[in-house]
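The values are calculated or read from the model by the stated rules, or taken from the named source; none is laboratory data. Computed from a prediction, not measured in an experiment: that's the story for all the values here. As a convention, Cβ positions derive from the backbone with ideal geometry for all residues, glycine included, and neighbour counts pool all protein chains shown.
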Amino acid sequence: MLKIEDLHVEVDGKPILKGIDLEVGVGQVHALMGPNGSGKSTLAYVLAGRDGYEVTKGRVLYMGKDLLEMPPELRAAEGVFLGFQYPVAIPGVSNIYFLKAALNAIRKHRGEEPLDAIDFMKLSKEKAALVELPDELTKRAVNDGFSGGEKKRNEIFQMALLEPSLAVLDETDSGLDIDALKVVARGVNTLRGPERSMLIITHYQRLLDYIVPDVVHVLIDGRIVRTGDKDLAKQLEAKGYAEVQDAQQL
Amino acid sequence: MNDATRQTLLQSLPTSFNTGPEWLRALRGRAAEALREQGLPTKRTEAWRFTPVRSVVDTEFSREDRSIPSLMSSLPDSVTARSLRQVLQAEPELLEGRLDFGGAPTHFAALNTALFSDGLWIDVPAGTIVEAPIELTHAIPASSDSGVAYPRVLITLGDNAELTLIEIYAGNEVRPLTNSVVEIDLGRNAKMSHARIHENAGLQVGRVDVRQDADSSYRSTVVTLGGALLRFDVRCLLQGKGAECQLDGAYLVDGNDHVDHHTTVEHQASHCRSAQTYRGIASGKGTAVFDGLVIVHRDAQKTEAHQENRNLLLSETATVHTKPHLEIDADDVICSHGVTVGSLDEDQLFYLRTRGIPEDLAHAILTYAFLESIVDRVSHEPTRTRMREALLARIPHGDDIRGVT
């Protein structure tokens with residue numbers, strides 16, 4: 001599904017990612033863990049196509065295609081989804097309108113007919129229920145006046161609607177209390193499937209109690225220093241990143 | 001030049017005024033005299049610094065005045081809408097002191113006073129609440145002739161009267177000049193909502209003068225959709241204690257459009273409130289000007305006045321000039337003003353694109369939402385819809401983003 005090869009990325013001339021190799025198979029859920037400043041969000045943004053990130057070396061293949069060549073909207077149309085750590089508010093643009101426009105843009109790319117308003121509302125209600133997002137919030141301006149938890153639920157709601165093949169979830173757990181975390185995790189788990197891969201980016205092991213990954217990677221200072229199964233996350237929780245990094249250097 | 005039917009604006013001023021009541025002849029005479037002395041604005045005229053009208057001043061127009069606004073709605077029985085020409089012939093005393101109540105006009109407004117041949121007077125008697133909005137259309141028929149129109153409208157609301165007015169200034173491509181004056185006199189506790197749409201106009205100079213008695217309320221929303229050269233002034237004189245006005249505007253320039261909005265709010269009495277919110281988008285090689293002035297007189301204590309102008313500059317060849325200013329002579333006041341000139345928010349654009357929305361559509365969505373927030377404040381739903389449709393017709397991908405807000 002996703003193959004990252006020797007990826008080097010600079011921001012404002014400063015190296016952030018220093019040779020990432022990562023392969024996520026079809027239907028797999030990978031967790032990418034690391035301390036603040038290790039480059040986790042940079043990787044997420046590079047995968048989604050944000051401006052300002054210069055790839056100096058390496059490549060990223062998505063379903064065999066060169067992902068880095070595509071503009072963000074084409075990546076979305078091809079099935080890549082980024083769940084933002086800090087979803088931006090867009091006053092004046094209704095959530096539901098924007099998602100209908102987004103879904104129909106993606107459907108058009110797939111050669112499918114656009115959904116009409118009635119079918120879309122039906123689908124939207126069904127998906128909103130998945131993350132217990134109140135109907136009223138789906139109709140408000142995008143993330144405008146949403147609480148931290150509502151924003152994150154809105155991200156998963158969007159993911160449910162757009163049905164991506166590869167979802168990159170950037171610190172979806174940050175700012176959530178335990179109840180909100182459970183709701184979000186349940187939504188994500190419902191969306192797991194044999195055709196859908198996920199890359200879950202997180203600082204803490206806590207989220208991985210609820211979304212159990214197939215593979216765990218540890219990113220420190222722009223490099224993946226350890227890869228293991230879900231037990232690696234538990235070790236990190238117990239010992240901290242410093243010790244894992246030290247072990248790597250030995 | 002030998003064509004006797006074509007003259008510049010100043011050439012078209014008669015040397016004497018021989019018709020109409022004495023007071024009107026005097027009014028017109030003073031306006032003409034002021035124009036002969038001061039001329040029309042030049043680039044050295046402060047209030048016209050960013051809006052050069054040399055080409056208009058030098059143009060020879062046909063003398064024809066095709067200026068009668070059409071009333072598109074039926075009126076309740078108690079409300080009268082009469083031709084100014086007819087009233088001036090039959091009962092001129094009714095209008096004495098009611099034209100140019102804001103003081104001696106200058107420049108284009110003076111030209112209107114000197115030369116308007118007809119117009120409309122809408123009078124809403126005290127205590128009358130007009131439920132359905134009244135719509136006026138100032139359409140200039142497409143014609144190869146480039147004429148000048150001098151629309152003149154007087155609106156008077158008695159105490160406790162209420163009115164919603166919608167004015168549509170339609171343009172065409174032959175570039176006639178429309179030079180309009182609308183005067184509004186609000187009695188005590190009268191309430192007026194005024195929506196005004198400038199469709200893609202050729203040359204247009206317009207002025208709205210509002211005089212407000214105690215506890216009256218005036219809400220204006222102006223939507224300007226480009227224009228080869230458009231200048232619009234709105235002035236509110238808050239003369240009675242507790243009066244309030246809200247002046248909102250949304251403007252859009254593209255191509256070689258040049259639009260210029262000036263607002264003036266004069267707080268002459270205490271306990272009055274005013275708020276101005278103008279938003280604009282400049283793209284192509286367009287120029288947008290905003291100049292907002294709040295004057296607080298010495299006796300106008302407990303004034304609250306706010307002013308905001310936000311602009312999006314969407315191309316390197318577009319220009320925005322903005323100048324909010326306050327002149328405050330009272331000490332117990334709350335006043336604020338703010339200006340921004342920026343571009344579309346990169347984070348918002350990126351967010352939309354990561355959901356599959358193409359870049360140009362994402363641009364259109366954010367552009368429209370920026371202006372629509374002004375329209376959203378209009379309380380009359382059909383007017384809101386009409387303004388939204390007018391905006392959508394001018395914004396790229398308008399048809400694709402209907403319903404976005």
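A few points about this structure:
So that you can scan it fast, the table gives a plain yes or no per residue for (1) surrounded by 19 or more Cβ atoms within 10 Å (Cβ to Cβ); (2) within 26 Å of the chain's Cα centre (by Cα); (3) on the phi > 0 side of the Ramachandran plot; (4) within 14 Å of another protein chain (Cβ to nearest Cβ):
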| residue | (1), (2), (3), (4) |
| --- | --- |
| B:Lys302 | no, no, yes, no |
| B:Glu316 | no, no, no, no |
| B:Thr319 | no, yes, no, no |
| B:Lys323 | no, yes, no, no |
| B:Val339 | no, yes, no, no |
| B:Gly342 | no, yes, no, no |
| B:Glu346 | no, no, no, yes |
| B:Leu349 | yes, no, no, yes |
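- When restricted to residues that are without any contact (Cβ under 8 Å) to a residue 24 or more places away in the chain and within 12 Å of chain A (Cβ to nearest Cβ), region B:351-384 contains 11.
- Of the set (1) in contact (Cβ under 8 Å) with a residue 40 or more places away in the chain; (2) surrounded by fewer than 16 Cβ atoms within 10 Å (Cβ to Cβ), all apply to A:Ile201 but (2).
- The residues in region B:252-280 that are part of a strand (DSSP E or B) and touching a Ser or Thr at 6+ places or on another chain (Cβ under 6 Å) can be counted, and the count is 6.
- Among (1) surrounded by 16 or more Cβ atoms within 10 Å (Cβ to Cβ); (2) within 18 Å of the chain's Cα centre (by Cα); (3) outside any loop (DSSP other than H, G, I, E, B), the one test that A:Gln235 misses: (2)
- Subset of region B:364-387 [buried (at least 16 other Cβ atoms within 10 Å of the Cβ), of a type in the set (Val, Ile, Thr) and either outside the structural domain of B:Asp399 (by TED's automatic domain parsing) or over 22 Å from B:Arg310 (Cα atoms) (or both)]: B:Thr383
- Residue list for region A:112-130, restricted to those being over 19 Å from the mean Cα position of the chain (by Cα), assigned to a helix (DSSP H, G or I) and not aliphatic (A, V, I, L, M): A:Asp119, A:Phe120, A:Lys122, A:Ser124, A:Lys125, A:Glu126
- Filtering B:Asp215, B:Asp233, B:Asp209 for residues that are surrounded by fewer than 24 Cβ atoms within 10 Å (Cβ to Cβ) and farther than 21 Å from B:Phe108 by Cβ leaves a single hit, B:Asp215.
- Residue in region A:75-96 that is modelled with the lowest pLDDT, counting only those that are in contact with a strand residue (DSSP E or B) (Cβ under 9 Å, 6 or more places away or on another chain) and assigned to a helix (DSSP H, G or I): A:Asn95
- Taking region B:11-45 as the range and being among the hydrophobic types (A, V, I, L, M, F, W, C) and closer than 11 Å to B:Ala110 by Cβ as the test, the residues that pass are B:Leu13, B:Leu27, B:Ala31, B:Ala32, B:Ala34, B:Leu35, B:Leu40.
- Residue check for A:Tyr45: within 14 Å of chain B (Cβ to nearest Cβ), of a type in the set (Phe, Trp, Tyr) and in contact with a Phe, Trp or Tyr (Cβ under 9 Å, 6 or more places away or on another chain): yes
- Residue in region A:72-111 that is nearest to the chain's Cα centre (by Cα), counting only those that are free of Cβ contacts under 8 Å to residues at least 24 places away in the same chain and facing chain B (nearest Cβ under 7 Å): A:Ala101
- Hey, B:Ser74 in contact (Cβ under 8 Å) with a residue 40 or more places away in the chain and either among the small types (Gly, Ala, Ser) or not assigned by TED's automatic domain parsing to the domain that holds B:Val148 (or both) or not: no
- Filter result for B:Leu361 (over 23 Å from B:Thr137 (Cβ atoms), assigned to a helix (DSSP H, G or I) and not assigned by TED's automatic domain parsing to the domain that holds B:Pro133): yes
- With respect to the conditions (1) in contact with a Phe, Trp or Tyr (Cβ under 9 Å, 6 or more places away or on another chain); (2) buried (at least 17 other Cβ atoms within 10 Å of the Cβ); (3) in a loop (DSSP other than H, G, I, E, B), A:Asp51 lacks only one, and its number is (2).
- Region B:275-299, subset more than 14 Å from B:Leu238 (Cα to Cα), crowded, with 22+ Cβ neighbours inside 10 Å and of a type in the set (Val, Ile, Thr), residue farthest from the chain's Cα centre (by Cα): B:Ile281
- Restricting A:Ala180, A:Ala185, A:Ala141 to those that are modelled with pLDDT under 95, touching a strand residue (DSSP E or B) at 6+ places or on another chain (Cβ under 6 Å) and more than 19 Å from A:Ala48 (Cα to Cα) reduces the list to A:Ala141.
- Screening region B:1-104 for helices (runs of 4 or more DSSP H) wholly inside it with 3 or more residues that are surrounded by 12 or more Cβ atoms within 10 Å (Cβ to Cβ) returns the ranges B:22-38, B:84-90.
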